[in-house]
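The values are calculated or read from the model by the stated rules, or taken from the named source; none is laboratory data. What you are looking at is a predicted structure, and each value in this text was computed from that prediction instead of being measured. Glycine also receives a Cβ, built like all others from the backbone with ideal geometry; neighbour counts cover every protein chain displayed.
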Amino acid sequence: MGLVAFSPLANGLLTKCYTAETRFDVRMDYRAVMPQFQMKSFEQNESLFSLIDRLAEKYHAIPSQIALSWTMNKRPWIIPILGTCHLCRLKENAGAADVHMTDEKVKEIDIELEMMEMSEVFGGSPIKNNYSIVELLKNVNAMAL
């Protein structure tokens, strides 16, 4: 049995293409009302964004590739599902397959994430009542032990 990781880029948040100043059209884009795209969440998640930046520099990758690689390297049966409207983004995301993280590195990242102060962005939202990838993978890790 496998697991499809839905929204491993947190609706684009982990791409770092958006900032606290980004505004979405409330009539056209549901992210306009999602808590993770509000200024307070960006401030609370600064340490997460910093971690992604450090890893991107280390692996000579872009933020989306780091998030996807971490997801793919968690377990061989976890597959991230992507959504994009742009071919260039699809090509960028495919580059995550070239970012190789050791099991030890994935565990180091997990420990850092576990200790990190973050907003509720990865705990679901009123818009989508589901687990986030971080919460889901924490539960998967517990089941695998």
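Only one entry of L9, L48, L55 meets the criterion of being within 12 Å of the chain's Cα centre (by Cα), crowded, with 18+ Cβ neighbours inside 10 Å and either acidic (D, E) or assigned to a helix (DSSP H, G or I) (or both), and that entry is L48.
A97 fulfils the conditions (1) surrounded by 13 or more Cβ atoms within 10 Å (Cβ to Cβ); (2) aliphatic (A, V, I, L, M); (3) more than 20 Å from N11 (Cβ to Cβ) except for a single criterion, (1). Residues in the range 23-45 that are surrounded by 13 or more Cβ atoms within 10 Å (Cβ to Cβ), in a loop (DSSP other than H, G, I, E, B) and either β-branched (V, I, T) or touching a residue at least 60 places away in the same chain (Cβ under 8 Å) (or both): M34, N45. For the structure I just gave you, tell me whether M118 is at pLDDT 90 or above and surrounded by 14 or more Cβ atoms within 10 Å (Cβ to Cβ). Spelling it out, it is not the case that M118 is at pLDDT 90 or above and surrounded by 14 or more Cβ atoms within 10 Å (Cβ to Cβ). Listed conditions (1) closer than 15 Å to L14 by Cα; (2) surrounded by 13 or more Cβ atoms within 10 Å (Cβ to Cβ); (3) out of contact with any Lys or Arg (no Cβ under 9 Å at 6 or more places or on another chain) are all met by I79, apart from (1). Within the set L87, L136, the sole residue that is at pLDDT below 90 and either more than 25 Å from H60 (Cβ to Cβ) or out of contact with any Cys (no Cβ under 7 Å at 6 or more places or on another chain) (or both) turns out to be L136.
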